[in-house]
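> One structure is given below, represented as structure tokens, and several questions about it will come after.
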Amino acid sequence: HVDHGKTTLSDYLIASNGYVHPKLAGKQRFLDWREEEQTRGITMKSSSIALLHVPRGENGEPSESEKFIVNLIDSPGHVDFCSEVSSAARLADGALLVVDAIEGVCVQTHAVIRQALSEKVKLCLVINKLDRLIDELKFSTLETYVRLVTIIHDVNNVVSSFTSEKYIESQDDEDPLVFDVSREIDDDKMLFSPSRGN
């Protein structure tokens, strides 16, 4: 899932902390500091930065008492650099899964989801480049909605297939005559649904 916008999103998050001017966000490629990465325009090595997150209260004012540090790792999307993704996943508590609205779920997206889930990394789905659906493809409101629902459905299918596979493996290790209902997977906690706010 090359060019889905991971580094651009990272630039905007970095800009929100003042490390990059907002007008340069998306162009700077701040975490792609190696010469070859800048020349080729792709992330080849994972890079990280600590960012301060200050949530806003209901009144819109920053909540100084609840601020915390977010360690952002921008990892490559190209299959040739999958070991970088594996290393980043082992270090993370959570991950932003960035999916291009036009390209949707790709083969590498499957690999990233499986890697994150196997490392017990909590995922947050980010559907990127929504403007391209309208500006380039001239999608109507309904077509845009259908496309977004399809992407969410595709991601959920990958998550479900992985969790089902892991569940079956865990049952294979148990006595085949005993079926423990309490160990069933709670898909509601794993699957994405806008109505649940995840």
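> List the residues whose amide H sits under 5 Å from the amide H of residue 98, counting only those 5 or more places along or on another chain, with H placed 1.01 Å from N in the peptide plane.
126
> Which whole-Hz ³J(HN,Hα) couplings does the stretch 22-36 yield from phi under the Karplus relation 6.51 cos²θ - 1.76 cosθ + 1.60, θ = phi - 60°, glycine and proline marked x?
Whole-Hz 3J(HN,Hα) from phi for the stretch 22-36: x, 6, 9, 4, x, 10, 5, 6, 3, 7, 8, 8, 6, 4, 5.
> If DNA, RNA and ligands are ignored and the probe is 1.4 Å, what is the ranking of 103, 119, 35 by accessible area, most exposed first?
Of 103, 119, 35, the descending order of accessible area is 35, 103, 119.
> Hey, another quick one. Provide the net charge surrounding residue 123, with neighbours chosen by a C-beta distance below 12 Å and charges set as Lys +1, Arg +1, Asp -1, Glu -1.
+2
> Please list, ordered by chain and number, the residues whose modelled amide H lies under 5 Å from the amide H of residue 51; skip anything fewer than 5 residues away on the same chain.
Answer set, sorted by chain and number: 70, 71, 72.
> Residue by residue through the stretch 98-115, which ³J(HN,Hα) values in whole Hz follow from phi under the Karplus form 6.51 cos²θ - 1.76 cosθ + 1.60 (θ = phi - 60°), with glycine and proline marked x?
8, 10, 5, 4, 7, 6, x, 6, 10, 4, 5, 4, 4, 4, 5, 4, 4, 4
> Among the listed pairs 138/189; 67/166; 67/122, which are separated by more than 31 Å between their Cα atoms?
In this structure, 138/189; 67/166 exceed 31 Å between Cα atoms.
> Long-range amide H contacts for residue 20: which residues qualify at under 5 Å (H placed 1.01 Å from N, peptide plane, sequence gap of 5 or more or a different chain)?
15
The values are calculated or read from the model by the stated rules, or taken from the named source; none is laboratory data. Only a predicted model underlies this, so the values are computations on that prediction, with no experimental measurement involved. Cβ atoms come from the backbone with ideal geometry, glycine included; neighbour counts cover every protein chain shown. Ligands, DNA and RNA are stripped out before the accessible areas are found, and what is left, the full protein with its side chains, is counted by its heavy atoms. Shrake-Rupley method; radii C 1.70, N 1.55, O 1.52, S 1.80 Å.
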